[in-house]
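Enquirer: Would you mind keeping the following structure in view while I ask a few things?
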Amino acid sequence: MGTGPLSVDVYVAPMRPYVCPDQLGEGEVATWAPSSSTLISGPAEGILIDALLTFENADQIAAWAKNFGKKITGVYITHGHSDHWLGLARLLQHFPEARGYAAPEVAARATWEAEFNKTSKYWTSRFPGELPETPVVPEALNTDEIPVDSQVVNLIHVGQGDIEGSTIFHVPSAAAVVCGDVVYNNVHMMMYEANEAKREAWIASIDAVAALNAKTVVAGHKSVGAADLPENLAASQRYLRDFSTLAKKGGTVEDLVHGMLELHGERDQPHTLWISARAEVARRA
């Protein structure tokens with residue numbers, strides 16, 4: 001058994017187009033956000049954090065992870081949004097000795113999303129032929145301590161991220177934290193379910209991450225090649241505060257989008273900003 005620090009390595013699936021049924025704004029392009037999957041490993045074993053969405057995502061994560069030569073003992077999901085766990089069925093085919101796990105609140109949301117898609121076809125209509133007909137929902141984990149070789153990875157229930165019931169994974173020996181969608185890195189942040197009060201709670205969740213004093217901070221949605229730096233914590237909080245400040249001014253969806261683009265136009269995935277702005281304006285009605 002190894003006694004050195006665990007390693008933290010990150011795979012990023014790039015931004016890509018998808019089949020979008022929504023009416024788009026002027027200049028808006030329907031793309032899916034770049035997304036990360038993380039390998040936390042010791043000398044012999046490793047775990048994966050987040051399985052992403054499509055068959056291709058899962059195949060590429062598996063090929064990447066196999067290069068490290070570690071026995072994958074489990075795949076752990078940060079939160080219940082389907083784009084972080086629908087790839088689980090395919091990924092477990094590559095690692096038959098592993099199982100999919102998540103905190104009980106995450107597993108419950110994933111179960112709800114699986115049922116929701118059966119009736120709404122929300123995901124299968126957007127990614128036709130790219131998703132499992134029968135998804136594998138992560139099993140509820142009854143512990144917050146995950147062994148990897150002789151080290152421990154801590155699951156932390158932070159609560160509010162871009163949805164409620166979000167968790168993060170703290171790797172003390174590596175001074176790293178894998179944040180799911182509690183933190184974003186150079187990508188527009190999703191506020192479809194996050195009104196002003198939830199954005200305040202989200203900012204507090206990021207404070208809880210910051211208190212861990214990690215040197216490596218892995219965001220659930222990050223640009224390809226973007227460094228996993230602690231600066232993304234304050235940058236995510238600033239984005240949330242700026243959105244709330246602009247939203248309070250009233251105005252149209254376009255006003256909110258263009259105001260945010262003036263402040264944060266360097267970020268990938270403006271389609272998410274449009275979705276967030278439409279949701280925010282609809283909440284006023």
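The values are calculated or read from the model by the stated rules, or taken from the named source; none is laboratory data. Bear in mind that the values here come from a model prediction, so they are computed numbers and not experimental data. Ideal geometry is used to build each Cβ from the backbone, glycine not excepted, and the neighbour counts take in all protein chains shown. In case anyone asks, the SASA skips ligands and DNA or RNA and just uses the protein heavy atoms, side chains included. Shrake-Rupley method; radii C 1.70, N 1.55, O 1.52, S 1.80 Å.
Enquirer: Which of the residues spanning region 201-226 are open to solvent by 30 Å² or more (accessible area, probe 1.4 Å), in contact (Cβ under 8 Å) with a residue 12 or more places away in the chain and aliphatic (A, V, I, L, M)?
Expert: A201, A204, A208, A210, L212, V224 - these are the residues of region 201-226 that are open to solvent by 30 Å² or more (accessible area, probe 1.4 Å), in contact (Cβ under 8 Å) with a residue 12 or more places away in the chain and aliphatic (A, V, I, L, M).
Enquirer: Looking at M190, M260, can you tell me which residue is open to solvent by less than 10 Å² (accessible area, probe 1.4 Å) and either of a type in the set (A, V, I, L, M, F, W, C) or in contact with an Asp or Glu (Cβ under 8 Å, 6 or more places away or on another chain) (or both)?
Expert: Values: M190 fails: open to solvent by less than 10 Å² (accessible area, probe 1.4 Å).
Only one candidate qualifies: M260.
Enquirer: Of everything in region 156-187, what is farther than 22 Å from R241 by Cα, open to solvent by less than 20 Å² (accessible area, probe 1.4 Å) and either without any contact (Cβ under 8 Å) to a residue 40 or more places away in the chain or within 11 Å of the chain's Cα centre (by Cα) (or both)? Give them in sequence order.
Expert: In the first step, residues of region 156-187 are kept if they are farther than 22 Å from R241 by Cα; the result is 156-157, 169-178.
Restricting the remaining residues to those that are open to solvent by less than 20 Å² (accessible area, probe 1.4 Å) gives 169, 171, 176-178.
Selection gives V178 alone.
Enquirer: Report yes if some residue within region 28-35 is of a type in the set (S, T, N, Q), modelled with pLDDT of 95 or more and part of a strand (DSSP E or B); otherwise report no.
Expert: First, the residues of region 28-35 that are of a type in the set (S, T, N, Q): 31, 35.
If we keep only those that are modelled with pLDDT of 95 or more too, we end up with 31, 35.
Subsequent filtering for residues that are part of a strand (DSSP E or B) retains 31, 35.
Yes, region 28-35 has at least one match.
Enquirer: A follow-up question, please. Restricting to region 128-155, give me the number of residues that are closer than 15 Å to V182 by Cβ and either open to solvent by less than 20 Å² (accessible area, probe 1.4 Å) or under 15 Å from the mean Cα position of the chain (by Cα) (or both).
Expert: We begin by selecting, within region 128-155, every residue closer than 15 Å to V182 by Cβ; these are 154-155.
If we keep only those that are either open to solvent by less than 20 Å² (accessible area, probe 1.4 Å) or under 15 Å from the mean Cα position of the chain (by Cα) (or both) too, we end up with 155.
Number satisfying all stated conditions: 1.
Enquirer: Assess whether L52 counts as being assigned to a loop (DSSP other than H, G, I, E, B) and open to solvent by less than 10 Å² (accessible area, probe 1.4 Å). Spell out the reasoning first.
Expert: On the way: assigned to a loop (DSSP other than H, G, I, E, B): yes; open to solvent by less than 10 Å² (accessible area, probe 1.4 Å): yes.
Yes.
Enquirer: Among the residues of region 10-27, which ones are open to solvent by 30 Å² or more (accessible area, probe 1.4 Å) and in a strand (DSSP E or B)? Explain how you work it out, then say what you get.
Expert: Of region 10-27, the ones open to solvent by 30 Å² or more (accessible area, probe 1.4 Å) are 10-11, 14-17, 19-24, 26-27.
Those that are open to solvent by 30 Å² or more (accessible area, probe 1.4 Å) and in a strand (DSSP E or B): V10, Y11, R16, P17.
Enquirer: With respect to the numbered conditions (1) open to solvent by 50 Å² or more (accessible area, probe 1.4 Å); (2) among the polar types (S, T, N, Q); (3) in contact with a helix residue (DSSP H, G or I) (Cβ under 6 Å, 6 or more places away or on another chain), which one is the sole condition not fulfilled by S125?
Expert: (3)
Enquirer: Would you please list the contacts, defined by Cβ atoms under 7 Å and residues six or more apart or on different chains, that run from a residue in region 133-145 that is closer than 14 Å to K118 by Cα to a residue that is assigned to a loop (DSSP other than H, G, I, E, B)?
Expert: Cβ pairs passing all conditions: P135/L86.
Enquirer: Right, something else. Could you please give the count of residues in region 227-255 that are open to solvent by 10 Å² or more (accessible area, probe 1.4 Å) and touching a strand residue (DSSP E or B) at 6+ places or on another chain (Cβ under 9 Å)?
Expert: Going through region 227-255 one residue at a time, the tally reaches 8.
Enquirer: Going by the conditions given, is S7 of a type in the set (S, T, Y), open to solvent by less than 30 Å² (accessible area, probe 1.4 Å) and modelled with pLDDT of 95 or more?
Expert: Values: of a type in the set (S, T, Y): yes; open to solvent by less than 30 Å² (accessible area, probe 1.4 Å): no; modelled with pLDDT of 95 or more: yes.
Against the criterion (of a type in the set (S, T, Y), open to solvent by less than 30 Å² (accessible area, probe 1.4 Å) and modelled with pLDDT of 95 or more), S7 does not qualify.
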